[in-house]
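Contents: one structure, followed by commentary.
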Amino acid sequence: MFCKGADLLTPLAGGFCFGEGPRWFEGLLWFSDMLGEAVHTVDLNGSMTTLPLPGHAPAGLGFRPDGSLLIASTERRHILRYDGETVVSLADLSSMAPANLGDMVVDDLGRAYVGSQARDGGVIVRVDPDDTAVVVATDLDFPNGMVITPDRTTLIVAESTGRRLTAFTINDDGGLGQRRVFADGLDGPPDGICLDAEGGVWTAMTLAHQFQRVLDGGVVTDRIDIGDRTAIACALGGPERRTLFLVSTTDAYPERLVGTTLSRVDATTVDVPGAGLP
């Protein structure tokens, strides 16, 4: 088993409140600052930019084929769209989302899958390219990070309070069916996830203070220990998609971090490149 400590990670970005939803797109790592009401970018040299989102607590991010950025506004339960110049609300999910919105994945047809994070009775809502929305999965235990496999046939979601990864078959119409357990009995509540080319799911294990690579069936092949920090989310990107970006903070409960700037993005190189979406 491969193990790595926090002292072997390369710091990339800091000075923000609560990072979420990292996505690699066009040479930049994009990520939300949920409590800082902003979306940031950082390049591999550590240079950052900021998109302010006053009045919104952004979480999940994803890019449509036209390059526009979709943003999950957690408490308002809206999906926002940023076209490089302006931010607009394109879908109000408050009537179908039983709890705050969380993570999101967008497929290459522009369909966005976003989780509503009830501790039990959580749902996944699909927002289509025409901006209409429909619930496509129910009875989830705090749906969090999501990925879509390279063949576009499977969506994997982290169920945080269930301490499991769950896989759904993606039907031709974008619906989700054939639900099964991908990995159960995890070492901690899983948060953000990303997928590699051998089917390994890198998973932020919040209370375990680790990022772990988990295979279908639950075998853990790799662990990255981050000491007393809390693992929040991860993404694969950079050259050849072999840079693993790790978002961490000092507490798993965002309300305890209001007004702080203790979140961080670190980077490390892995052997197996990223695959699928995002």
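Annotations
- Averaged per residue, the chain has 39 square angstrom of accessible surface, using a 1.4 angstrom probe with ligands and nucleic acids left out.
- Under-5 Å amide H pairs with G192, H placed in peptide plane, nonlocal only: G145, A204, A233, C234
- Added length on full extension, which subtracts the Cα-Cα distance from 0.36 nm per residue, R256 to D43: 73.8 nm
- Proximity of backbone amide H atoms, modeled 1.01 Å from N, is registered between L12 and V265, D266, A267 at under 5 Å, excluding neighbours fewer than 5 places apart on the same chain.
- Contour excess over end-to-end distance, with Cα ends at D172 and L207 and 0.36 nm allotted per residue: 8.9 nm
- Here the calculated FRET efficiency for E240 and R179, from their Cβ-Cβ distance with R0 = 51 Å, stands at 0.95, rounded to the nearest 0.05.
- Part-to-part distance (alpha-carbon centres) for the range 85-148 and the range 251-278, which is given in Å: 21
- The range 26-79: C-alpha gyration tensor shape, a/c 1.5 cut-off, then a/b vs b/c: oblate
- Distant-in-sequence amide contacts of F25, defined by a placed amide H-H separation under 5 Å and a gap of 5 or more residues or a different chain, comprise W30.
- Carbon plus sulfur fraction of accessible area for the range 78-129, probe 1.4 Å, in percent: 44
- In the frame of its principal axes, the range 1-47 has Cα extents of 37, 25, 19 Å, reported largest first.
- Placing +1 on the Cβ of every Lys and Arg and -1 on the Cβ of every Asp and Glu, with nothing else charged, gives the chain a dipole about its Cα centre of roughly 320 debye.
- Protection proxy ranking for 76-84, 156-164, 36-44, using the average of other Cβ atoms within 10 Å per residue and placing the highest first: 156-164, 36-44, 76-84.
- The stretch between V88 and D216, if pulled fully straight at 0.36 nm per residue, gains 42.2 nm over its current Cα-Cα span.
- Modelled this way, with points 7 Å down the Cα-to-C-beta line, the labels at D128 and T269 are 4.5 nm from one another.
- Cα-centred dipole magnitude for the range 66-193, charges only on beta-carbon of K, R (+1) and D, E (-1), debye, nearest 20: 360
- By average C-beta atoms within 10 angstrom, highest first, the peptides 260-267, 134-141, 186-193: 186-193, 260-267, 134-141
- Tensor-based shape of the range 1-149 (alpha-carbon gyration tensor, a/c under 1.5 rounded, otherwise prolate or oblate): prolate
- The string of couplings for the range 99-113 from the Karplus curve (6.51, -1.76, 1.60, θ = phi - 60°) is 8, 3, 6, x, 7, 7, 9, 10, 8, 7, 9, x, 7, 9, 10 Hz, one whole number per residue in order, with x for Gly and Pro.
- Protein accessible area in the range 141-278, 1.4 Å probe - carbon and sulfur %: 48
- Of the residues S73, N45, I193, the one whose Cα sits farthest towards the positive end of the charge dipole of the chain is I193 (charges of +1 on Lys and Arg Cβ, -1 on Asp and Glu Cβ, taken about the Cα centre).
- Here F168 sits with roughly 10 square angstrom of accessible surface, probe radius 1.4 Å.
- Under the Karplus curve 6.51 cos²θ - 1.76 cosθ + 1.60, θ = phi - 60°, whole-Hz ³J(HN,Hα) for the range 181-195, x wherever Gly or Pro sits: 7, 8, 7, 10, x, 5, 5, x, x, x, 10, x, 9, 8, 10
- 3J(HN,Hα) along the range 39-46: 10, 10, 10, 9, 9, 6, 9, x Hz, from the Karplus curve 6.51 cos²θ - 1.76 cosθ + 1.60 with θ = phi - 60°, whole Hz, x for Gly and Pro.
- Cα gyration tensor shape for the chain, rounded if a/c is under 1.5, else prolate or oblate: rounded
- Taken over the range 106-203, the percentage of Cα pairs per 10 Å bin, counting from 0 up to the bin with the maximum distance, is 17, 53, 28, 3.
The values are calculated or read from the model by the stated rules, or taken from the named source; none is laboratory data. No experiment lies behind these values; they were computed from the predicted model shown. Virtual Cβ from ideal backbone geometry, glycine too; neighbours counted across all protein chains shown. The area values use the complete protein model at the heavy-atom level, side chains included, leaving out ligands, DNA and RNA. Shrake-Rupley method; radii C 1.70, N 1.55, O 1.52, S 1.80 Å.
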